[in-house]
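These notes are about the structure you will find just below.
The values are calculated or read from the model by the stated rules, or taken from the named source; none is laboratory data. Quick caveat, the model's predicted, so the values are computed rather than measured. Every residue, glycine among them, receives a Cβ derived from its backbone with ideal geometry; neighbour counts consider all protein chains shown. Accessible surface is based on the protein model in full, side chains and every heavy atom, while ligands, DNA and RNA are left aside. Shrake-Rupley method; radii C 1.70, N 1.55, O 1.52, S 1.80 Å.
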Amino acid sequence: MNGIYPPKEFARQANIRDPTIYSRAHENWVEFWEEFAGELEWFEPWEKFFDDSKAPFFRFFVGGKLNASYNCVDRHAGKKNKIAIIWEGENREKRTYTYYQLFREVNTLANGLKSIGVGKGSRVAIYMPNIPEGIISMLACARIGATHIYIFEGFSAKSAGFRIKDSRAEFLITADGYYRRGNLIDLKEKADRAVEQAGTIKKVVVVKRAGNDVEFDENRDIWYHEILRKGHCEAEILDSNHPLFIMYTSGSTAEPKGVVHSTGGYLVHVYATSKTVLDLREDDIIWTTASLGWITGHSYAVYGPLSIGSTVLIYEGAPDYPDKCRTFDIIEEYGVTVFYTVPTLVRMIQTCDPSEYDISTVRLMGTVGEPIEPETWIWLYREVGRERVPIVNTWWQTETGGHVISQIPSLTPMKPASVGKPLPGFEIAILDDGGKPVKPFEIGNLAIMRPFPGIMLELNGDTRSYVRFYWSRYGKRIYYTGDYAYADEDGHIWIVGRADDVLNISGHRISLTEIEQIAMEIPEIREVSAIGLPDRVKGNVIGIFAVAENPGKETGEKIVKKVENDIGKIARPGLIAFVSELPKTSGKIAKRAIYDAIVGKKRSSYVVNPETLEPLMKLKPSERGIVVL
Ligand code: PRX
């Protein structure tokens, strides 16, 4: 088999050393998953591993009772000197929590939340930066059986408002402010607008993080430190399929979808993959660079590593502020052992010289969220890992809860940019539109042929979309991922990109339909098309092509402002180009033709108004800003 074999030194000490793990899982998937489940603590054992009687609503560990907070905290609290969380603020403030301290904090917050009316079945939105209170809030909710909805702090008030309303959250935990690139961001003000828009929130709990002046509604708002109540809070005995959290993600429609995850299946999935893929042990310090508000933050900065008993590092600020190489500073300072990040960040730090730092503690690296190109992978392997640190390129989605395809770092040869093989316990196929497997090297639809413990329970309040998006194309039992991929001669998988109208920017999913609808709300815009343009650092940027009544800087800035206001800075367009007419096929805007003209310098033959391609042909693929063609 081709590829770079895992360094022997690493393989010798890894959690997984027996290559028969693949065949064992294949022969008996129930036993495979149950073995991992058995390493967690259950209040009552499950009666049935898998129930597919109501497909495509699959349930795992049916009848089992457990608590995620108990598994992540109480189990390790006995080791009183063991650190659970290391936090670094953007201003270089530092805080650590031992597992025992975390246990106490989670209990006191859980008591406090109960005192304001949060209980089993409540829905609690968390709109918070990367601070320890974010993790404590998640675990306190989990402890009392409240479902949390974490909203990435960079989302605009409008985006947050939509998520709060759609999830019908009655409580919000937020902070006064936080620091980003040296600026104090007034989060409470954004939260107030979101709460007003949603109209569902009864109480707002506010963490004093930055000390900025905030408006306080005495009837509704309460300081976090004022609700804390000392003493033990018994962990609720929860059904395995009790909803642990909802995470919103973009699909091909304009509105984000609320992906609902279970307690038992989800926890088993992230625990098992933290052990096999991230090779985590208690003495590891893992730095997952994603914000807590994304699925990667949930699964591999909180629930996975803490269920193992490792130390997690979280950082509040921008990874390139105030110094573009701060990432290496942090790894060096704390002796990070497992570094899990996105290709965008790797591209950003490629201008740094890793040899200036002592980063020899790193023993495993991982990437997620977007394709990594071979050159970037090789730089990471050679310059950062010094050819002694394996890299796992993990493929998964918000909907899958945890890793699905990846190398097992001690066993699988690495091929730069490939995501490796389906993990043990998963059945993957690449299918043509008719549902037949394609041959090696042929591109097809990536599909998961059998449900697995971390698969979402449903989409919040939207059964029809749940069935239609994921379980219609190939029937009720085969999960359609929405990604194109191919397999090579060794069965290693290579991700090509999304099949739907979703763009991946710095590892975040943005719906192009949503962007187009936002732009269309500006009165001057007559027609618009949003596409992804390749970008050296971010992977992709949004390109907006519009026909407008008064094309120019002013209208362009209106679009930028509206997108930032309605979604957040992450969706800021890289290029806005005004044209007199958009290329069309029969009545429909030909997105592919726009892309081909700019990036491939090709004139698509199926366009009915070919003259529209000429201005686009002259545009440089690297052009950014607002232009009139
Ligand atoms: O297109 C795939 C891409 O990210 C999508 C999932 O996005 P999201 O739900 O936001 O979750 C991101 C973190 C898990 C997938 O459909 N993707 C994810 N991992 C990879 C990837 N593309 C290429 N390589 C990966 N390793």
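Annotations for the structure displayed:
- Sum of side-chain charges, residue 253 neighbourhood, beta-carbon under 11 Å (Lys, Arg +1; Asp, Glu -1): -3
- Based on protein heavy atoms only, the stretch 36-142 ends up with 34 Å² per residue of surface accessible to a 1.4 Å probe.
- Span from the the stretch 540-584 Cα centroid across to the the stretch 65-84 one, whole angstrom: 48 Å
- In the chain, the portion of solvent-accessible area held by carbon and sulfur atoms comes to 49 percent [1.4 Å probe, whole percent, DNA, RNA and ligands not counted].
- Rounded to the nearest angstrom and listed largest first, the equivalent-ellipsoid semi-axes of the stretch 459-553 from its Cα gyration tensor are 31, 21, 10.
- Of all DSSP bridge pairs formed entirely within the chain, close to 55 percent run antiparallel.
- For residue 171, residues with placed amide H under 5 Å, excluding near neighbours: 123, 125, 202
- Stokes-Einstein D (µm²/s) once Rh is taken as the Kirkwood radius of the chain over alpha-carbon pairs, at 37 °C in 0.692 mPa s: 130 µm²/s
- Residues whose amide H falls under 5 Å from that of residue 98, counting only those 5 or more places apart or on a different chain, are 84, with hydrogens built in the peptide plane.
- D by Stokes-Einstein for the stretch 502-628, Kirkwood Rh over Cα pairs, 4 °C, 1.567 mPa s: 89 µm²/s.
- Cα centroid of the stretch 470-500 to Cα centroid of the stretch 378-447, whole Å: 12 Å
- Relative packing of peptides 474-480, 218-224, 124-130 - highest average C-beta neighbours within 10 Å first: 124-130, 474-480, 218-224
- Accessible surface of residue 588 - all protein chains present, 1.4 Å probe, nearest 10 Å²: 150 Å²
- Phi-based couplings in Hz for the stretch 459-467 (Karplus 6.51, -1.76, 1.60; Gly and Pro marked x): 9, 4, x, 8, 4, 4, 5, 4, 5
- Relative contact order (%) - criterion: Cα under 8 Å, at least six apart; region: the stretch 502-628: 22 percent
- Cα centroid of the stretch 134-170 to Cα centroid of the stretch 188-265, whole Å: 4 Å
- Of 421/602; 538/558; 561/620; 54/421; 436/620; 257/601, pairs whose Cα-Cα distance is over 28 Å: 421/602; 54/421; 436/620; 257/601
- Net charge, residue 224 excluded, C-beta distance under 13 Å - Lys, Arg +1, Asp, Glu -1: 0
- Cross-link check: pairs 158/208; 165/203; 114/203 evaluated at a Cα-Cα cut-off of 20 Å; pairs beyond the cut-off: 158/208.
- Where the alpha-carbon atoms of the stretch 1-96 are placed on the principal axes, they occupy 53, 43, 28 Å, in descending order.
- Whole-Hz ³J(HN,Hα) from phi, Karplus 6.51 cos²θ - 1.76 cosθ + 1.60, for the stretch 557-566, glycine and proline x: 5, 4, 5, 4, 4, 5, 5, 5, 6, 7
- Highest average packing first - 536-544, 30-38, Cβ atoms within 10 Å: 536-544, 30-38
- Working note: 222 nm ellipticity from helices only, DSSP H runs with n ≥ 4, each -39,500 (n - 2.57), summed and divided by the residues of the chain, gives -7500 deg cm²/dmol to the nearest 500.
- Mean sequence separation of contacting Cα pairs (under 8 Å, at least six apart), scaled by the length of the chain, corresponds to a relative contact order of 13 percent.
- Burial ranking of peptide ranges 373-385, 186-198, 142-154 (average Cβ count within 10 Å, highest at the top): 142-154, 186-198, 373-385
- Calculated from backbone phi, Karplus (6.51, -1.76, 1.60) coupling profile of the stretch 479-491 in Hz, x at Gly/Pro: 7, 8, 8, x, 10, 8, 7, 9, 10, 9, 5, 9, x
- The relative contact order of the stretch 401-495, computed from alpha carbon pairs under 8 Å that lie at least 6 residues apart in sequence, is 30 percent.
- Between residue 585 and residue 599, the modelled label-to-label distance comes to 1.7 nm, taking each label 7 Å out from Cα in the direction of the beta carbon.
- Cβ-derived FRET efficiency at R0 22 Å, residue 490 paired with residue 386, nearest 0.05: 0.25
- The label-point distance for residue 11 and residue 255, in a model that sets each label 7 Å from Cα toward Cβ, rounds to 5.2 nm.
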